[in-house]
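Enquirer: Would you mind keeping the following structure in view while I ask a few things?
The values are calculated or read from the model by the stated rules, or taken from the named source; none is laboratory data. Please read all numbers here as calculations on a predicted model, not as lab measurements. Counting neighbours? That spans all protein chains shown, and the Cβs are built from the backbone with ideal geometry, glycine included. SASA here: full protein model, heavy atoms, side chains in, ligands and nucleic acids out. Shrake-Rupley method; radii C 1.70, N 1.55, O 1.52, S 1.80 Å.
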Amino acid sequence: MNAMNHQWAAKALSLNARKHLPPALFRGLTRREAHHIQRNFSENLFHPGEPVPRNPADAPFVALLLCGTLREDVRDAQGAWRLFALTFTGELLSPLGPSGSGGRLSALERTVLLTCDRTNFDALATEIPRLRLNLLHLMQGQIAETHRWQTLLGRKTASERVASMLEWFHVRQGERGKLVLPVNRAELGQMSGLTLETVSRQIRRLEKARIIALPQPSRVQVLNPTALHTLTGDAPAHRAA
């Protein structure tokens with residue numbers, strides 16, 4: 001891990017000027033507030049494959065992905081490691097400290113984390129109440145989304161699970177028509193409770209129907225977002241007139 005000189009406050013404001021949303025944790029802040037916070041947050045660079053600290057003594061109170069992707073692996077009942085979750089740019093790691101699952105967290109690509117310890121964050125939130133409110137909203141949104149995903153996944157067919165997984169990644173990455181799969185199909189199966197063969201079969205069906213295209217194995221072009229959403233099983237049914 002490397003600490004870097006960071007200009008994320010300026011980046012967030014320039015993104016906003018281009019009509020893109022800045023990181024949700026800093027939404028609604030003035031330029032002065034952003035630069036004040038900048039002096040109390042650290043920017044940490046992790047290279048591909050590098051572990052992210054999970055020890056409570058080392059883990060920050062707040063950690064936000066400025067760019068990159070993190071993966072969390074946990075041991076299954078047989079003791080083998082399997083993919084449990086992914087965290088994308090703009091998303092927050094738990095501010096409650098590392099989980100007790102014995103999982104390991106690592107960078108999938110060049111990843112930058114913005115971090116702050118509890119003492120500094122509490123002091124900042126006292127000066128800038130909007131910062132604490134943003135943190136709560138971000139936490140609530142991520143918890144609700146995770147709960148929705150885990151609840152609905154068990155009720156879906158194999159085709160709906162794969163479509164849901166692709167749409168979920170697509171929405172979270174926030175790039176229109178583009179989707180980078182930072183994991184292989186076996187790992188997609190681990191996250192969705194499906195075999196490698198089933199995942200591959202469902203992806204081929206989506207490609208054949210021209211709902212997606214695969215210019216590269218790790219890159220998906222979403223050709224028909226509406227059709228993909230319909231196949232998730234989440235689209236409301238149309239009532240007959």
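Enquirer: For a quick check of your reading of the filter: which GluC sites (Glu not before Pro) in region 158-197 sit in a DSSP loop and have no more than 16 other Cβ atoms within 10 Å?
Expert: Sites meeting the loop and neighbour criteria: GLU175.
Enquirer: Roll a 1.4 angstrom probe over the protein heavy atoms and tell me the percent of accessible area of region 116-208 that is carbon or sulfur.
Expert: Roughly 53 percent, rounded to a whole number.
Enquirer: Might you tell me the accessible area per residue for region 104-226, computed with a 1.4 Å probe and given in Å²?
Expert: Roughly 56 Å² per residue, with all protein chains present.
Enquirer: Could you quote the convex hull projected area for region 127-211, Cα atoms only and averaged over all directions, in nm²?
Expert: Average of the hull's projected areas for region 127-211 equals 6.8 nm².
Enquirer: Can I ask one more? Determine the gain in length on full extension of the stretch ARG155-HIS229; use 0.36 nm per residue of separation and subtract their C-alpha separation, reporting nm with one decimal.
Expert: 25.0 nm
Enquirer: Could I ask something else about it? Test of understanding: what is the full-extension gain from LYS208 to ARG31, defined as 0.36 nm times their sequence separation minus their Cα-Cα distance?
Expert: Contour length minus the Cα-Cα distance gives 58.8 nm.
Enquirer: VAL180 versus ARG130, label points 7 Å from Cα toward the beta carbon: distance in nm?
Expert: That separation, rounded to one decimal, is 3.0 nm.
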